[in-house]
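Single-structure report; data block below.
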Amino acid sequence: MRRERVTPRPDFDSVIRTQGLVYVDTELPDGEIMSYWDESAAYAFDLDEVLRLEEATEELHRMSVAAAEHVVARGRYAEFGIPAWAAQAVARSLHERPPTLYGRFDLAYDGSWPPKLLEYNADTPTALVEASIVQWYWLEETRPDADQWNSLHERLVGAWAKIGAGLHDRRVHVCWSNEEESGEDQITAGYLAETARQAGLDVTLLPIQHVGWDGRRFVDAADQPVTTCFKLYPWEWMLAEPYGRPALDPGTPTTWIEPAWKLLLSNKALLAVLWELYPGHEYLLPAYLDSPRGMAEYVAKPLLGREGGSVRIVTGDTEISNPGIYGDEGFCYQEFRPLPQFDGGRMVLGSWIVDGESAGVGIRESESLITDGYARFLPHYIDAPRAP
């Protein structure tokens, strides 16, 4: 893997907006506007490297599912901050294995083996439209003979088709929170709705705030039953709200995507359980729930928090935090591994998985040791001819 300087397309800003990247403008602390999409550079991979990273992604997913099974078998819900009243529903969800769609592993990878798992965004991952659509069109326009580690669109359509085959009602509601102001959640939900339509499903797209409860089932704004619902809305938020209990009640006729057992994968406690079950594994960093256990450099990550939330990095006598509110649910203490630095930017590799299979990569860079709201997305390509 290498980082290359490239010449941006003259009209790239207007082009990416038409492709759905309406949340491209990032306001910096000094008031300057920065483009979240950055095509002044690109990352190049070789094909063998991509194949190895795909295998690593799928192995991490298998390990994560095994860790969830371990937690359920031993009733370790309290360590994940999951309330006791929700435990049985989480266990039932894992046992029944309702449909699951996608997730994203954030990896530290500098081009040398092995990659290291930083976290698993398994419930409500975003940065999807740019990884699936926008960077593919960048490749088509700038490197039409090259290939890309990107089968996200095809795999999402295929996953929806598989889900649809098991539904008696082919209506799927796709929801997001209208409290998210950048437009990213709405565009992400809209894109996932489109992949479901391409799979032959009937789709209703609406804010989750417009979903109601009629006393026995969830209904949409037209008072139609919500029987299958993809929600870009974290389970930990749902459990804290009045209708969290009905959402998990076995008598409620709604299938949620992602299912409730994904609570165990999106929680940072997963990192500690993985290290406990697979100590010394080449893809993992030491991680603990009770304390840093003598680690001189570590990251304190709140157990709950979408896309990482607030984190605190401790390196010797230095402490670095990103803005945010720390919850009282506890922390996971993971060994600090600095993000690899390329040409001044610190890069995190987001490896996507759809229906259990590796599906592509999205690369973000930040000036900070923490991938924060000022990160930039950079495209990539495989330095090999495209397969016929």
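The values are calculated or read from the model by the stated rules, or taken from the named source; none is laboratory data. Remember, predicted model here, so these are calculated numbers, not experimental data. As a convention, Cβ positions derive from the backbone with ideal geometry for all residues, glycine included, and neighbour counts pool all protein chains shown.
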Pairs only if they're at least six apart or on different chains, beta carbon under 9 angstrom, first in region 60-80 and more than 15 Å from TYR120 (Cβ to Cβ), second aromatic (Phe, Trp, Tyr) and modelled with pLDDT of 95 or more; list them, first residue then second.
VAL72/TRP261
Only one of these conditions is not met by TYR374: (1) modelled with pLDDT under 95; (2) out of contact with any strand residue (DSSP E or B) (no Cβ under 9 Å at 6 or more places or on another chain). Which number is it?
(2)
For residues in region 252-271 being surrounded by fewer than 24 Cβ atoms within 10 Å (Cβ to Cβ) and either farther than 17 Å from CYS175 by Cβ or among the hydroxyl-bearing types (Ser, Thr, Tyr) (or both), which is farthest from the chain's Cα centre (by Cα)?
THR252
Is it the case that some residue within region 267-282 is among the acidic types (Asp, Glu) and in a loop (DSSP other than H, G, I, E, B)?
yes
All positions within region 51-93 that are touching a strand residue (DSSP E or B) at 6+ places or on another chain (Cβ under 6 Å) and β-branched (Val, Ile, Thr)
THR57
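Return a yes/no flag: does region 160-173 have any residue that is in the same structural domain as PHE230 (by TED's automatic domain parsing), surrounded by 19 or more Cβ atoms within 10 Å (Cβ to Cβ) and under 23 Å from THR26 (Cβ atoms).
No: zero hits.
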Odd one out for ALA296, checked against (1) hydrophobic (A, V, I, L, M, F, W, C); (2) touching a residue at least 24 places away in the same chain (Cβ under 8 Å); (3) surrounded by fewer than 17 Cβ atoms within 10 Å (Cβ to Cβ)
(2)
Restricting the first residue to region 257-286 and requiring it to be over 29 Å from ALA159 (Cα atoms), which pairs with a second residue that is among the charged types (D, E, K, R) and not in a helix (DSSP H, G or I) meet a Cβ separation below 6 Å and a spacing of at least six or different chains?
LEU285/LYS116; LEU285/GLU335; LEU285/ARG337; PRO286/GLU335
